[in-house]
Amino acid sequence: MLNEVIQRISPDLIAISFAACSGLFIRLSLSAVGQRWVRTYHHTMSYLLLPVVTFVIVKIISGNIALSLGMIGALSIVRFRNPVKNPFELVIFFILLTIGIATGVSLKWGTLLLVVVLIIIFLVFLLEKIFARYGWDLMSLSFDEGVNANLMEVTSTSNIDGLERNQNLEQYFNSKVTGLHTYKLAFRKRDSLQHIHSELKDDPRIDAIDIRYSR
């Protein structure tokens, strides 16, 4: 009797464990490639629980049309008030939901999706490293991405063309009262910031340089 019960629930336990581990793998992978916003407690728990909850819902409503319609109506009441910071975060949540759905249908599809997602994450990270080695930036940095950036604020008495054309420039301000030019730049890597700083520190036009390194 006990063996029969174990044999029945074992596949579901394996699938639930896989769904939770999938969320954990994605969270660790994003953290490994520098996406620090996923390191919070709330993101970690969301990544662990979302695929599991989705899997359970799929298993409950599978093969029962009436229950499926009722579940859709019940879930439509739920409203997520927490704002999504960027489209990538929304895509990750959609991936976690899809992993839970795919695992509920077939463990094979859930595994395939997880592998593809992990490959893409690390492949883009590798390409970014290769481009950076040759002095090219594959992607720009935005303050809205939730990534801790290395910040530099430069104040000068006159215009600096090199800073205005710099692709890391995020904000520029020219005061008509004081005549000062203020440049705010964001860098993914500390080395890039230090390289710009070494070029500017002896410039007689520079009035002040404020640097803030990410953790």
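Worth pointing out:
- Some residue of the range 45-66 being farther than 30 Å from Lys129 by Cα and at pLDDT below 65: yes
- The residue list Leu193, Leu163 contains one member that is touching a residue at least 40 places away in the same chain (Cβ under 8 Å), surrounded by 13 or more Cβ atoms within 10 Å (Cβ to Cβ) and in a helix (DSSP H, G or I), which is Leu193.
- Tabulated pairs, the range 26-40, first of a type in the set (D, E, K, R), second assigned to a helix (DSSP H, G or I), C-beta under 8 angstrom, 6+ apart or interchain: Arg27/Val38; Arg27/His43; Arg27/Thr44; Arg27/Tyr47; Arg27/Leu48; Arg39/Ser31
The values are calculated or read from the model by the stated rules, or taken from the named source; none is laboratory data. Computed from a predicted model, the values in this text were never measured in an experiment. All Cβ positions, glycine included, derive from the backbone under ideal geometry; neighbour counts span all protein chains shown.
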